[in-house]
């Protein structure tokens, strides 16, 4: 009986002492911090991709709590999460249209001419520095998969033509591939922008067709066929301005002699992937 | 934030607040089975490494530790689950620890009374069950959010998973390190024991090896499944691109 | 003589019976927070700090309370240590935000580290005096820091390597820890002849 | 190996050098004794508007227009940009995209040579230039820009920019770089042997105009004949200047240097000559030093004394892929194919390098032109191509001992391979001059300098993006 | 023809395209684009490994001379263990057997064999080689990525696993003929070796000194006429081989030099303080595995710091630990542990050992002009 009393007594004593001590300390030593911050951060994807323009998810959470950014700036989270964060913070989610990375080149190894053989470190950026990597087209995709390596979301795989296939569902438009490409061939576009010019070579006529089968040879037919003002030829390349012209329709691509401009409903290149193990090897 | 039990009012989807209703035997089984293999606390979640390494120099110690942990885990899960709507959120961790510590003390005393030799071998590690992350982790992640029956199923499953891992490591280390299993010589009289296995480095190295085998098995399985899936899922979830 | 005894306790806890590499204590932070040298070092410092507090608490409990109720050892250690550390955390947060950012974020993590409770238990079972207990705490903390920083250095190096996918992660960390532990066996019996 | 000490004017001099560095095989024996010959004119020339560092030139001619040899065809596109002259009399065929030796496509002027022209140079009026002595410094700099001069050593940085000294800086020491430390190349060597007076004359012009206290011509000891020739030329110039009543007001000396690569890198050269280190990220001007190549000096002399702008340059053609290696005087813009074919290009040539074997770049196509900065063309057959098989880095430390910048190339390469750009900045990747000494010496055959180049390119791309974001905000 | 003459009368005229090539131009070759530099020194990594193996040759011969056929058996067993493991578990998805070609596995095996006692069962030597390569190298992804010296990992593994067998030293020289094979070499796999009855066991010089206070004569230590591991006994031979390798720049001379200097100075101080308790510096330097470890083990480039200053810190660290463990530790010998511990510290040393970059201060800032 005495033991029980001692035990109870000691535990109560300790409990009371430290409980009161901590309560008092909490009162006097408390440092104010927005409690919503942690909660919001917990719901962000935590991939720290930077697509929102902030330095990581924590910084983005801070900007959300202080109302600087709208939740929809996060392109990685699914709409439900965005909606629930917005509801929690009592703000508007903001308009968000899904964006996806598009490639301005369709000249894989079977379409674009290789003028010299590249041997060495298998990276586009490295190859680009060695005489342009041996690809005849100085603007086109080198096919050594820097974008695939850079993609944190496993959304890019190389196909048999050594072109990067972007998995539209997985792509979060974080922009890592845009930065990784030494030839600046990626751009994140809203999925509703379906007229994609798959060429960046500012060449014309025969000079253009000499380097690649699917190059834009600047014939200008797409600009004629599209709604007035939608497509303009600039620097020997068609530029699509959705804000300026009428409705974008697939008709603009019908008379393209090379297939450089495409009406892309979903993914850009619907080819079978290379096995993952093969994508990093040197090209022969 | 009066919403007790949930750590985050924003938490989506995963919430399984058991209201009234009857006990679902299927779910009981699922909660029980997951801890043994699919969410094995040691091999998959990599928790509870301290006792895992410290007491596995013989199979007997491993079993004793497994049993003691199971006892503590099951009973604290029941208590936490029963009290889950009464424990205020701010002091929940402290409360869990006190509940766990109580059962640890009970286990410690019971072991000391029943098997003094084993208790001596395990030393302070029985007391250290208090800070085994598996136990606190299950309270926080499961028992505090589910009805006692599920909590018990979960606790038993996890305990078995943990004990299984302990036994794997303990048996291997004992066989190689002393040539015996449960003190019974199985390697012949002339066997040269590998002393390293009952020393600390052996524990680390052997656990590393077991995890390696586990990873390798998982990867081979994933690869086979990937191959079977064919093109439909091409480029999907292969373990690594090396 | 006392000095020598203290050094022996310190070296014993730091090198010979390193808490992490020989007793497997604090494996969770050892595996979890050892990917950057700077973080590892700060965690190590915070651990030394908490260990010293723990040692003081344990000495206090051993002297005044536990003789009356030895069966309350585990539970009272836990309660007292956790409360004290939380209290200290609040103080630091209030007084020095810089120090808090450097060390404070680790404090709650350390409290539930088994090395802390083990320190108190070992100290009790070895019947150390207050001063000996402090030497023991410092030794154990330094040993943990040493192991942690070495591990972090090795892991930073590994990040530049191409490790086979099967072994990457915990499995490899365990093997590294095993090899470290193997190397630490060289300290076995250090100073025992001289003491 | 060459001697470690040399007698100069009867005094034994311990040749100076910098620490670290490498000693590659020289391979100069095939061409170092060959006199310079002139490449016959060919039918068509391509002149990229951007063959130097800095802003591209702006074309001032249009297709169909006829031009004379030495006529300005493109004006500077900014201050850091030289003038471009036609290397040949003929007709402008086209102004459009053409392949640059670095693999990109750039704007270029294509000129068809006129086979019936006598190819007299129609540069700026000679009389106005003759008396360079009376020009003001600013006029002198403007004239240098008009001459179209860029660094002839290979980097092709517009020379006049180096002479435009910012406030608070002056050119105390003018260093003339005659190291030619790249293996195979011998064109600077031949220039110093055959035209020492032009080199000294040009150097003295610059020194006079920039008020230098000291002119040092650094030459490696494997070019003893050049050292002797230059010393004689210096003596001649001193006498001439005194006779003309314009005695030189600066020290003029030739400094023999130990044979070592990359001694021709300007920071290494300064370290070798004066024992001083140029601060990282700064220019030699920070130490009040201006460094010029011997070729640039000869070009300055040619411009002011003979009214010939930079329309042709000396280059070495060598390697197993050509039958008759040579030191050639080649008009700028000559297609590489024509130059190589003149020297007997072998059909089994596998690799063609523009520049030296250490820092030059491989060509993807022979239809690219010789540029102002082209110091050599090397054609290699399969036998001479390096195919080193790659092993893991064993951290042997040879690259550290090769690196004149005292970096840790092994670590740079490892970090670069995993793309750790922030850490790369911490280990001073931007200090790397890409001399390739580390890769030369690596027993594991790791393309260290290539990895570093790629990482530097990625860092630059990221910085450019950050700057864009800044301006957007 | 003076090339730069301004108004040369023999001014060249434009040659027509047909005359320049003589007939049709040769076809454009398929050019190779490969990053420069386009010259290489020609020393390769396998070559370095072979260099070290050759440098070990005299030591192996000495081991055979001193310990007879047992030495051959053990070295072969250890090498086979290392090579076999490397063969069946190729690192990084390479084809099986390719990584053997760089010679590093064989080198590890030989080193491993040379630091074993002559009477150890062959299966243990094999296991040691396998553990060294498996745990010490392949686990980290193969050559160049290992953090610990694989040979020493194998040795330490054996030391911890079979402390009895690995510290049973049989004496050499006059007792054992060349053809004598120690029966314990042939213990069945996983079985205990028979108790050493017919060969005479003895202690190493270090053990004798530590536990019995007897110092071996310097002559014997230099020549190698003592008990010990196979490769470590003959001090003179190791020094000569080390010198040759250092001159050939196969390894960084700073490491062995700083180790030996540290041990020498430290033990000299101790010896001067208490000549009874501590061994003479020369005894310290020439006995045990110090020379062998300093020359062949610590110099493993993969696991030692790369920058010159770092290598010296590394060497000093090893020297201090050796003296510490030998004099105050529970074991008579500590070279292996000292090297392994400093291997673990190598990444940390690497951070402080970087040379001052050109044009920068020690702190990495650009120097003020």
Requested in this report: Give the peptides D:274-280, C:35-41 in descending order of average Cβ contacts within 10 Å, highest first.
Outcome: D:274-280, C:35-41
Requested in this report: Can you tell me the FRET efficiency between residue A:110 and residue A:209 if r is taken as the Cβ-Cβ distance and R0 is 25 Å, rounded to the nearest 0.05?
Outcome: 0.95
Requested in this report: Could you tell me whether region A:36-89 comes out rounded, prolate or oblate from its Cα gyration tensor? Rule is a ≥ b ≥ c as square roots of the eigenvalues, rounded for a/c under 1.5, then prolate if a/b exceeds b/c, otherwise oblate.
Outcome: rounded
Query raised in the report: Per residue of E:142-153, how many C-beta atoms from partner chains lie within 10 Å of its own C-beta, taken as a mean?
Result: 5
Requested in this report: For region B:183-200 and region E:287-365, write down the distance between their C-alpha centroids in whole Å.
Outcome: 35 Å
Requested in this report: Please order B:149, E:116 by the number of other Cβ within 10 Å, starting at the fewest.
Outcome: B:149, E:116
Query raised in the report: residue B:167 versus residue D:242, label points 7 Å from Cα toward the beta carbon: distance in nm?
Result: 10.5 nm
Report summary line: For chain C, longest principal axis from Cα atoms; helix C:130-158 axis from its Cα atoms; angle between them, nearest 10 degrees, is 10 degrees
Query - Overall form of chain A per C-alpha gyration tensor (a/c, 1.5; a/b vs b/c) - result: prolate
Requested in this report: Determine, from the Cβ-Cβ distance of residue E:268 and residue E:214 and an R0 of 30 Å, the FRET efficiency 1/(1 + (r/R0)^6), rounded to the nearest 0.05.
Outcome: 0.90
Query raised in the report: Once you sort the root eigenvalues of the Cα gyration tensor of chain D as a ≥ b ≥ c, which label holds: rounded (a/c under 1.5), prolate (a/b larger than b/c) or oblate (the other case)?
Result: rounded
Query raised in the report: Can you pull the mean other chain C-beta count within 10 Å for peptide E:325-333?
Result: 5
Query - Residue exposure sequence - D:372, B:183, B:34, A:98 - by fewest surrounding Cβ within 10 Å - result: B:183, A:98, B:34, D:372
Report task. Specify the angular offset, from 0 to 90 degrees and rounded to the nearest 10, of the alpha carbon long axis of helix A:79-89 from the longest principal axis of the alpha carbons in chain A. Result -> 40 degrees
Query raised in the report: In nanometres, what is the gap between the two model label sites at residue D:117 and residue B:89, each 7 Å from Cα along Cα-to-Cβ?
Result: 8.5 nm
Query - Relative packing of peptides B:200-210, B:76-86 - highest average C-beta neighbours within 10 Å first - result: B:200-210, B:76-86
Query - residue C:101-residue D:288 pseudo-label distance in nm [points 7 Å out on the Cα-to-Cβ vector] - result: 4.4 nm
Query raised in the report: In what order do D:23, D:98 fall by count of nearby beta-carbon atoms within 10 Å, going from fewest to most?
Result: D:23, D:98
Query raised in the report: What is the average number of partner chain Cβ atoms found within 10 Å of a Cβ in A:177-190?
Result: 1
Report summary line: Plugging the Cβ-Cβ distance of residue D:225 and residue E:309 into 1/(1 + (r/R0)^6) at R0 = 51 Å yields, to the nearest 0.05, a FRET efficiency of 0.75
Report summary line: For chain C, the longest principal axis of the Cα atoms and the Cα long axis of helix C:73-95 enclose an angle in degrees, to the nearest 10, of 70 degrees
Requested in this report: Using a 10 Å cut-off on Cβ atoms, rank the peptides E:293-302, D:132-141 from the highest mean neighbour count down.
Outcome: E:293-302, D:132-141
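Values in this text are rule-based calculations from the coordinates and carry no lab data. From a predicted model like this one, the values you see are computed outputs, not experimental measurements. With ideal geometry, Cβ positions are generated from the backbone for all residues, glycine too; neighbour counts draw on all protein chains shown.
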